[in-house]
Structures are given as structure tokens and as C-alpha cells.
Amino acid sequence: MNPARLGAFIRSIRISKGMTQQTLAEALHVTDKAVSKWERGLSLPDICLFSNLANVLNVSTSDLLLECSDEETPSHLVQIYEAGADIRAPLHIILGCVELLRRYRENDGLFERYLESIRISGEYLLAVVEKVKYPGQLDHLLSQPGQPSRTPAVTYDFTGKRILIVEDMEVNREIAAEILRGTGASFDFAEDGQICLDMVSSSPPEYYDLILMDISMPRMDGLEATRKLRQRGCSLPIIAMTANVSEQDRNAAMEAGMNAFAEKPIFIDKLFAVLSEYLQEKQPGSVIFGRADHA
């Protein structure tokens, strides 16, 4: 690990852009003391900040990660970052199924099904982690995945809105459906990009209000489906719902014509905030994730 090398790189880019340590800190929602420590080589930014830091400095995330490396030693951070999608995808299933287990604990069939999904995803995640030899100070990356299944503090009412969920994995479709159900929204499913195209093409104008689009799917992936929809004049908001969250992935999604990202594992409050930007909400009600109490 080479904090001094990364610090010098951050400082040089910051100065070339005419930014102060304070403006960089404000853009990243950290203290200017933190930025000062990075630039003096006294500490490394949390890896969770690398994507935002790269965007602010207008460099690639890989550039930042490689600056952490010793000259002759491949960076452990690069390994972890490249394994990010493989780690996030099973985490999404695990955390989503835990929420479903809470709701359907009395249904033995569903309980066993979701429990088996957790077991399989956990074994896959363990296999991915064991391939990455990461330093001890990065253990928190895996031990603190966040709280994707918490109830959002803000309530949302999407009653009357219809969303097309494009996702090839059945368990992921169920997770997305459960998340949306408490908002009053209606939804349909498409198992791949081609089915999505067919459903949108055969539906009346303005039938759908928004598309939640997975990226990696068989037959036709989300990027190709989005390009074809835009070529056909479709102006629906298309939100990428994916574990692929690198800067390159985001750029590819935007170039294909997508409007925004919803990361997997899904952080429910963040997902609803993104949806609210593209869906005109009804009058606010007392709609809470998992339960809808309409007057």
C-alpha cells in the first residue's frame, strides 16, 4: 500500500482543477482535515469514496486504485474493486431474502425457498471473498455492507403508477416487487431485454411510467434493450438496477440512454428517492415500506 503516492496524485489533480482542500472535501461530504491527511500520505480514503472521488477529479476509479499500489505489487484494492459486482449481487439476494423471510415466516414453502436462496448466495459470496487476498484494514468492506432493508424515513406514494421490472432472476424480481408493493405502485415483469421490448411495443401509449432495468441478462442485456427502446422513440425513464456500479458501468448506462442508477444491494430509501425524481407522486399518504394505510 502506498498512501503517499495516492496523496500526491490527488493533490496534483486537485490543484490542476483550481480546487481547494475544502471544496474537494465538500464535494465528497468529508472534512478538509481528511483530505489533508490523504494528501500528506497519512491515511487512505475509504474505498467506498473512491467512485465519487474519481468523478470529482475526472479520472477513472482504476487510476486511483492503482495509485495505492507499490510500484511492483498489484493493488489489493484493485482486486476488491474488480470483485465488487460479484460481491454485491449475492449480497442483494441475501439482504432481500431476509426481508422476505420476515414477511412470510408463517409460509413454510416460501420460508424454505428464501432460506435456500440465502444459503446458495452465501456460499457463492464466500467463494468470491476467498479469491481476494485483502489487507486486514479493509475487513469492514465486507462486515459493514450497509442497511439496504431498513424502512425509509420518508414515505412515498406511487399509487396509479405502473413500473416494468426487467430482471432475469426470479428471486430478484420478488425482492423488487416487495419493495414497490408498499408504495401503491403497480408493476409487471420482463425476464430479459427482448421481452421488455415486446411488452413496451405492444402496450398502449403511456401504459408504463418507468422501467427498472437490470444490466446483465441473457438473450438481450439491459444496455442493448435501452438502446433499442430509445431508437424506437421510447422516452420512458429507465433506471439501471444493477450490481455493476463502477464509473465505466455508469458511463455505459448513460450512453445507452438510461436516466439513473439504483444499486444492488438495493438501499430502499435511495431507490425511492430516485423513483420520485421520475414519477409524479400522488398526494402524500401514510405509505410505508411493507404497509399501505390509505384514508
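The values are calculated or read from the model by the stated rules, or taken from the named source; none is laboratory data. The structure displayed is predicted, hence computed values, not measured ones. Glycine also receives a Cβ, built like all others from the backbone with ideal geometry; neighbour counts cover every protein chain displayed.
Filtering the range 180-197 to residues that are over 16 Å from Thr159 (Cβ atoms), assigned to a loop (DSSP other than H, G, I, E, B) and among the β-branched types (Val, Ile, Thr) leaves nothing.
Taking helices (runs of 4 or more DSSP H) as the structural unit, those lying wholly within the range 1-112 and holding at least 1 residues that are within 18 Å of the chain's Cα centre (by Cα) and at pLDDT below 85 correspond to 50-57, 61-67, 76-82, 84-103. In the range 13-23, what residues are more than 10 Å from Leu57 (Cα to Cα) and either of a type in the set (Ser, Thr, Tyr) or crowded, with 18+ Cβ neighbours inside 10 Å (or both)? Those that are more than 10 Å from Leu57 (Cα to Cα) and either of a type in the set (Ser, Thr, Tyr) or crowded, with 18+ Cβ neighbours inside 10 Å (or both): Thr20, Gln21, Thr23.
When the range 130-182 is filtered for residues that are more than 21 Å from Leu275 (Cβ to Cβ), at pLDDT below 50 and of a type in the set (A, V, I, L, M), the ones remaining, listed by number, are Leu138, Leu141, Leu142.
Please tell me if Ala262 is of a type outside the set (Phe, Trp, Tyr), under 16 Å from the mean Cα position of the chain (by Cα) and either surrounded by 16 or more Cβ atoms within 10 Å (Cβ to Cβ) or at pLDDT below 65 (or both). Considered against the rule, which asks whether it is of a type outside the set (Phe, Trp, Tyr), under 16 Å from the mean Cα position of the chain (by Cα) and either surrounded by 16 or more Cβ atoms within 10 Å (Cβ to Cβ) or at pLDDT below 65 (or both), Ala262 comes out as yes. If you go through the range 217-237 one residue at a time, do you hit one that is without any contact (Cβ under 8 Å) to a residue 24 or more places away in the chain and either in a helix (DSSP H, G or I) or more than 19 Å from Val274 (Cβ to Cβ) (or both)? Within the range 217-237 (the criterion being without any contact (Cβ under 8 Å) to a residue 24 or more places away in the chain and either in a helix (DSSP H, G or I) or more than 19 Å from Val274 (Cβ to Cβ) (or both)), the answer is yes, since at least one residue qualifies.
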